[in-house]
Amino acid sequence: MAFEIVCEVEPPMKPDLTRVRHQIGVLSPVADSFLIPDNHIGRATVSSVAVAHEVQAMGARGIACLNSRDRNLLGFRRDLLTAAAYGVDRFLFVYGDKPTAGGRTSELTVRAMMEETRAAAEDAVFAGCAPFQIGVTTGLRKTAEWKRSADFTFVQVSYSVDELLRWRDGARLTGPVYAGVMVLASAGMARNLAAAIPDIAIPAELVDAVERDRAAGVAAACEQVLAIRDSGAFDGVHLVPVSRYREVAARLEREL
């Protein structure tokens, strides 16, 4: 299997797909597929299934992220039907970021979503549709047993290739595994990221470099992508370019 770069796009928070189309167009020369977040950072966005369909209409591969936080069982079944109608068959199931307003439905979990999706393969309603592929996320720790039945796994963002390799060496996963790489766009972003996800260690020297030169975050992320590829330990990366997608695309196009 060739090394795959899955680029995350910033989903639209208003009914206009112009920006997301631009991201896809710019990143297409270096991306093998695109991940579309679901209600990104706890705010309402255009349906990830609808955007994944748009990605595919542009000739690329889409992965629709679905979070368990915002769904009850009926809503999730609606999403599966919509995805099948649109020809979207790859999902990443996540818990979901903390919402900016209101709470979560609490009815569904990632595990329940996996079970429902597997059951859909036996449902006559989905006869003739491509089988759904399910991805899950994991931190840099032992992966829960039930997650190992997923078709692919996205690993938590890390700023240390060595840390990723140590984790991979002990992880018993048989499907494709994608290491998380995120561009550090500013020192402020580093502080916010560290506060939101304490498990992520961001090297002080990288924060200092980005504070001096914003291009340093792009350079570091692209170097990390190449180092992960060259290690042979992962099937690909889940690359989060944030707002720096133009710079990321230009640099990777030169170096890949």
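The values are calculated or read from the model by the stated rules, or taken from the named source; none is laboratory data. Computed from a prediction, not measured in an experiment: that's the story for all the values here. Cβ: placed from backbone, ideal geometry, glycine included. Neighbour counts: every protein chain shown. Side chains are part of the model used for accessible areas, which takes the heavy atoms of the whole protein and leaves out ligands, DNA and RNA. Shrake-Rupley method; radii C 1.70, N 1.55, O 1.52, S 1.80 Å.
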Practice item. Provide a single number: the residues in segment 225-253 that are farther than 14 Å from Val6 by Cα, assigned to a helix (DSSP H, G or I) and either at pLDDT below 95 or in contact with a helix residue (DSSP H, G or I) (Cβ under 9 Å, 6 or more places away or on another chain) (or both). Key: 8
Point to revise | Given (1) within 15 Å of the chain's Cα centre (by Cα); (2) modelled with pLDDT of 95 or more, number of the condition Ile41 does not satisfy | key: (2)
Study note, to complete from the structure: In segment 205-238, anything of a type outside the set (Asp, Glu) and open to solvent by 60 Å² or more (accessible area, probe 1.4 Å) is listed as Arg212, Arg214, Arg229, Gly232
Study note, to complete from the structure: Taking segment 181-224 and keeping residues in contact (Cβ under 8 Å) with a residue 40 or more places away in the chain, in a helix (DSSP H, G or I) and farther than 15 Å from Ser243 by Cβ leaves Leu206, Ala220, Gln224
Practice item. Select from segment 130-166 the residues that are open to solvent by less than 50 Å² (accessible area, probe 1.4 Å) and assigned to a loop (DSSP other than H, G, I, E, B) and list them in ascending order. Key: Phe132, Gly139, Leu140, Thr143, Ala144, Ala150, Ser158, Tyr159, Ser160
Practice item. Could you check Ala44 against (1) surrounded by 17 or more Cβ atoms within 10 Å (Cβ to Cβ); (2) small (Gly, Ala, Ser); (3) assigned to a loop (DSSP other than H, G, I, E, B) and say which number it fails? Key: (1)
